[in-house]
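Only one structure is covered here, and it is reproduced in the block below.
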Amino acid sequence: FFYNDIDDVLIDNVRMDGFDIGVHVGGSNSCSGNPGCDGSNDRITVRNSTIINSWGQGFLGGGNGTRIENNDFENNGTTPVFEHNIYLGGHTTGSRIIGNRLYRSAYRSNNMCEGASLVVHGVQNDLLIENNVIREDVGAASQQCWGIAVDPAYSTAESFTNVTIRGNEIRNVGNVGIGVAACSGCLIENNVIVHGQAFGITAIAAPDRTSGAGDAAMTAVRIRNNSIAVGSGGTGIYLGGEGANHEIVSNAIRHFGSDAAWACLETDLPNAAYDAIDHNLCDYPQG
């Protein structure tokens, strides 16, 4: 538990099993009278570690330069929807979530995943989520077991700028694979999303939820070079709702199940809101 402007700490090759929270990067008391204090726990790195069976969150909180790298997260969280393997929050710049393996998020309540595995809320700038593997078993995930969600959830204003979600593998999660909202200048590229659950999915959703008062407007979202395979109903890529200068380019989308209500792409804004929708492939053999 890091609190009160703790900076430059490395946690490496540690196993944490059965705690309430595996790693909690918290807040700070007032910095008044403490020269050099900025109230942020910065440059905390967790790598090569195993965080399992936490009753609350696997990783919670954040600060500038947070790094979560090459860890195993499993069976973290008990309460559906509100607990997760990784929950990055706060007002931060330059956080990195790279090369982790996430499985069975918020699993204990019903012997199935019932919470998003990787969640980001707050005010985040220059965030990279790259090369993570997020998976669940077929039949062991509820619809709220999302893969990656970078979106607002607080009563205060939230925004996400210059976010990159790249090279992740997401298998058999809930009804959203990757979701963003209140996101400006965000890039979603080179991800693989495979969905074999019986319920439908929006593999990539922008926005994935309605933003609140004061949240940043979503604009200039680029979705490119992703590979999506779905065996049930739903949508491959949804990009719309608000904003301009969006792109959907060079994605490969396959519907491999029996005939179901399905759309490879859903775009509900005027054409002028999209800089490009081009070079996408859609394979729907049962349609």
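The values are calculated or read from the model by the stated rules, or taken from the named source; none is laboratory data. Bear in mind that the values here come from a model prediction, so they are computed numbers and not experimental data. Don't worry about glycine lacking a Cβ; one is built from the backbone with ideal geometry, like all the others, and counts go over all protein chains shown. For accessibility, only protein heavy atoms count, side chains too; no ligands or nucleic acids. Shrake-Rupley method; radii C 1.70, N 1.55, O 1.52, S 1.80 Å.
For this structure, a couple of remarks:
- The charge dipole of region 145-217, taken about its Cα centre with unit charges on the Cβ of Lys, Arg, Asp and Glu (plus for the first two, minus for the last two), comes to roughly 140 debye.
- In order along region 138-155, the Karplus-derived 3J(HN,Hα) couplings, from 6.51 cos²θ - 1.76 cosθ + 1.60 at θ = phi - 60°, round to 4, x, 10, 9, 8, 5, 7, 7, 5, x, 10, 9, 10, 7, x, 8, 9, 7 Hz, and Gly and Pro are given as x.
- Derived scalar couplings ³J(HN,Hα) [region 270-286; Karplus, 6.51 cos²θ - 1.76 cosθ + 1.60; whole Hz; x for Gly, Pro]: x, 3, 5, 7, 10, 5, 7, 10, 7, 6, 8, 10, 10, 10, 9, x, 8
- Coarse-grained scattering of region 1-63 at q = 0.12, 0.14, 0.21, 0.23 Å⁻¹, given as base-10 log I(q)/I(0) from a Debye sum over alpha-carbon atoms: -0.33, -0.43, -0.81, -0.91
- Around ALA153: net Lys/Arg minus Asp/Glu count, Cβ-Cβ under 12 Å: -3
- Using a probe of 1.4 Å on the protein chains alone, the accessible area found for THR235 is around 20 Å².
- Hydrodynamic radius by Kirkwood, which averages 1/r over all alpha carbon pairs of region 89-232, in angstrom: 14.9 Å
- Hydrodynamic radius of region 196-287 per Kirkwood, over alpha carbon pairs, in Å: 13.8 Å
- Cβ-based charge dipole, the chain, positive-most Cα from CYS145, SER40, GLN197: GLN197
- Annotation: amide H-H contacts under 5 Å for THR235 (H modelled 1.01 Å from N, sequence separation of 5 or more, or interchain): ILE201, THR202, ALA203, ALA263.
- Per residue, the convex hull volume that the Cα atoms of region 19-98 enclose (Å³): 98 Å³
- Dipole magnitude of the chain, debye to nearest 20 (Cβ charges: Lys/Arg +1, Asp/Glu -1, about Cα centre): 440 debye
- Zero-based 5 Å bins, Cα pair distances in region 10-162, whole percents: 2, 10, 20, 22, 21, 14, 7, 3, 1, 1, 0, 0
- Taken over the chain, the alpha-carbon convex hull comes to 114 cubic angstrom per residue.
- Inter-label distance, nm, simple model (7 Å from Cα along the C-beta direction), ARG209/ASP17: 3.3 nm
- The residues of the chain present an accessible area of 40 Å² per residue when probed at 1.4 Å with all protein chains retained.
- Extension gain from ARG101 to ASP268, taking 0.36 nm per residue of separation minus the Cα-Cα distance: 56.7 nm
- Per atom type, region 77-206 shows carbon and sulfur on 49% of its accessible surface, probed at 1.4 Å.
- Assuming charge only on the beta carbon of Lys and Arg (+1) and of Asp and Glu (-1), the dipole of region 55-186 about its Cα centre is about 100 debye to the nearest 20.
- Less than 5 angstrom separates the built amide H of ASP215 from those of GLU158, all sequence-distant by 5 or more or on a different chain.
- Simple label model, 7 Å out from Cα along Cβ direction - SER155 to SER227, nm: 4.6 nm
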